[in-house]
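As structure tokens, the structure follows; a few thoughts come after it.
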């Protein structure tokens, strides 16, 4: 039996958030700073106050729009071959995305990111079976035009891996440039097959920037799915309570999903979330707090309620070092995301509240991902795995199970997760190998993967 899907909301609590959200969207609405989008929605029957640029969503229209969302998205790799399906109940894990800084493995210092970092990171992702998709890891700072940093990164990703690509921007021009770069790299038909996913975000509380609206309208001319990812900050741009934070995220996300379906019914979308909580002692926005992890579980429940594929961010940490805090925040956040059943989980390789990437962090996060997936897989219970006949055959104080066919046949099965980095064995063995911590082991393995010494 698999791990029971994690839940923090009851059916009644989901209904309460849902009804509050519908009231907010019907009575208050959202501000849309794109006159063109306002007019298109007005033509579809939505109430639009042109003086305040506020659009409201009558409940019947909202319900009909949400009902047209496809429950599954089939995703392809660069070669045009099926990669995976979002919405099939199996969480997919992606690396990146959109950090700025890089922790240099050679110097141990944090510096501005480079295009070569993206290329190397992407090659590592290609060789890591735990990574299903590649989010753009950083906005490299060494390109000829700073405004085009995302385009350089998308090009480097598509050139160095066959895996599907996840990207995000708030610019119509850059968004279209990313799509056209993917079209050029993709061996399939980008108008009919999904190779990349675009993430676009409202601004809290309850409004949409004109550039983001124009990017949405432009993307709807293609077949590229849209992940609508609000980023409300508890106590700053959303209520301080977790229920209020969830409701704000839900209202902002549903406003985007509904707009898309009203304009183009059936366009593939994801219910996405990446809220932050606030450390009121310092004012720091937090992505690795235990409260954001609680919300990840709730968000997966809400997405299932709406029958929409879901996306969240994990593994997340707010620390700037590869240390114990980094490990526990990342493990909690990714385990919650996997255990709650999110369809796409993005952020492997990042830390420092999503501002920094490193090769060793990617390797450590892949290890966490492997363990989370194994935990979620649970225990296979069959007559063969119970092995009652074998237990009776060997009996009390019988021979070792070590050389039994039942053991040998399963040594390379999925019964046990085999780590790449974890230290297992006597103290003397570890000391003889140099007493290396996990970050050092990850650094070595990343270098070996890059040279092809480890496959």
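The values are calculated or read from the model by the stated rules, or taken from the named source; none is laboratory data. Everything quoted here is computed from the prediction, not taken from an experiment. With ideal geometry, Cβ positions are generated from the backbone for all residues, glycine too; neighbour counts draw on all protein chains shown.
The set of residues in the stretch 128-160 being assigned to a loop (DSSP other than H, G, I, E, B) and over 16 Å from residue 349 (Cα atoms) consists of 141, 142, 143, 144, 145. Would you confirm whether any residue within the stretch 277-285 is touching a helix residue (DSSP H, G or I) at 6+ places or on another chain (Cβ under 8 Å) and at pLDDT 95 or above? The answer is no; no qualifying residue exists. Residue 77 meets each of the listed conditions (1) within 25 Å of the chain's Cα centre (by Cα); (2) within 24 Å of residue 297 (Cα to Cα); (3) modelled with pLDDT of 95 or more apart from (2). Any idea which of 150, 181 is within 22 Å of the chain's Cα centre (by Cα) and buried (at least 24 other Cβ atoms within 10 Å of the Cβ)? After ruling out the rest, the residue left standing is 150.
Rundown of residues vs (1) at pLDDT below 95; (2) crowded, with 16+ Cβ neighbours inside 10 Å; (3) closer than 20 Å to residue 372 by Cβ, yes/no style:
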| site | (1), (2), (3) |
| --- | --- |
| 81 | no, no, no |
| 96 | yes, yes, yes |
| 118 | no, yes, no |
| 123 | no, yes, no |
| 129 | no, no, yes |
| 134 | no, yes, yes |
| 154 | no, yes, no |
| 166 | no, yes, yes |
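Filtering the stretch 68-78 for residues that are more than 30 Å from residue 349 (Cβ to Cβ) and either in a strand (DSSP E or B) or out of contact with any strand residue (DSSP E or B) (no Cβ under 8 Å at 6 or more places or on another chain) (or both) leaves a non-empty set.
Checking 20, 15, 7 one by one, the residue that is under 31 Å from the mean Cα position of the chain (by Cα) and not in a helix (DSSP H, G or I) is 7 and no other. Among the residues making up the stretch 279-300, those that are touching a residue at least 60 places away in the same chain (Cβ under 8 Å) and either surrounded by fewer than 24 Cβ atoms within 10 Å (Cβ to Cβ) or outside any helix (DSSP H, G or I) (or both) are 284, 285, 286, 287, 288, 294, 297. Filtered by the rule that a residue be under 14 Å from residue 207 (Cα atoms) and either without any contact (Cβ under 8 Å) to a residue 40 or more places away in the chain or surrounded by fewer than 19 Cβ atoms within 10 Å (Cβ to Cβ) (or both), the stretch 1-28 gives a lone residue, 28. Comparison of 444, 415, 360 shows that the only residue that is surrounded by 15 or more Cβ atoms within 10 Å (Cβ to Cβ), under 30 Å from residue 337 (Cα atoms) and free of Cβ contacts under 8 Å to residues at least 60 places away in the same chain is 444.
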